[in-house]
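Beneath this line is the structure, given in structure tokens, with notes to follow.
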Amino acid sequence: MMGMTGLANANINADPEHDSSLGFATSLGGVANLNFGDYHGLTFEVLGADYSHSMTYRGPDGNRTVNMEWESIDAYLLYRFFRSNGAFAELGGKATYLRGAQQSLGTDWSDVSDKYTDRYWSGCFGVGGFVTANKVLTVKTGLRAEYAFTDLMSAAGQGENYPTNYKSYDQYEETRPFRVGFYMEVTFGVGGLAQAQCGARGVIFGTGYN
């Protein structure tokens, strides 16, 4: 999966001294699907991910770029509803476990892993469809939107007003990552379950599901 990522923070969004830019995020990993009949299914994904975000801060020392990067393991649990033409909608949640983070002000980079949380939770919604499928191999593509319900910063980071530790505000506001991404999923049928659920499929997206 790859796409654009950003941050929702009330202080930054309302501050005329800050301009935010969307960053880039990529994910790669594994997926397992369990279908219940032709129209319902559960999907479990574990992906290694890299996130980035950047801002411009127009402070007393001139314009400076703030870059944020963090690596994580993302675990998804999604419900999917399939239509007879091969399209589907998905809804569920994601737990993001951070493996490390770094941040810069200008050209000065720092390891800020202790300022960022160990884990945050997000809600997910997406749409997609089957590109092609047969008795063995299924390829799906789609778009997925994600929004965090909890703060990206740890207690230590909150105490130092991260990610804008270089400026003071009247009160701390949470930083919640969001993401919109395009994904491709390749799955293989396993045993009798696959034969029962997928044995009749041989489709190109839009031409038929069963």
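Readers should treat all values here as calculations from the given coordinates under stated rules, not as data from a laboratory. Only a predicted model underlies this, so the values are computations on that prediction, with no experimental measurement involved. With ideal geometry, Cβ positions are generated from the backbone for all residues, glycine too; neighbour counts draw on all protein chains shown.
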Checklist entry - Quick one: putting +1 on the C-beta of Lys and Arg, -1 on the C-beta of Asp and Glu, what dipole do you get for the chain around its Cα centre, in Debye to the nearest 20? => result 1100
Checklist entry - How about K167: which lysines have a C-alpha closer than 29 Å to its C-alpha, ignoring those fewer than 8 places off in the same chain? => result K115
Checklist entry - Ordered by residue, what ³J(HN,Hα) values in Hz, to whole numbers, does region 90-103 give under the Karplus form 6.51 cos²θ - 1.76 cosθ + 1.60, where θ = phi - 60° and Gly and Pro are x? => result 10, 8, x, x, 9, 10, 10, 10, 6, 9, x, 8, 9, 8
Item to check | Over the chain, relative contact order from alpha-carbon pairs under 8 Å, at least 6 apart, % | outcome: 21
Next on the checklist: From the helices alone, meaning DSSP H stretches of at least four residues, give me the mean residue ellipticity at 222 nm for the chain, per-run term -39500 (n - 2.57), in deg cm²/dmol to the nearest 500.
Outcome noted: -2000 deg cm²/dmol
Checklist entry - Mind listing which GluC sites (Glu not before Pro) in region 1-90 are in a DSSP loop and have 16 or fewer other Cβ atoms within 10 Å? => result E17
Next on the checklist: I'd like to know how region 30-100 sits against the 2.2 N^0.38 Å rule of thumb: what's its Cα Rg over that expected value?
Outcome noted: 1.71
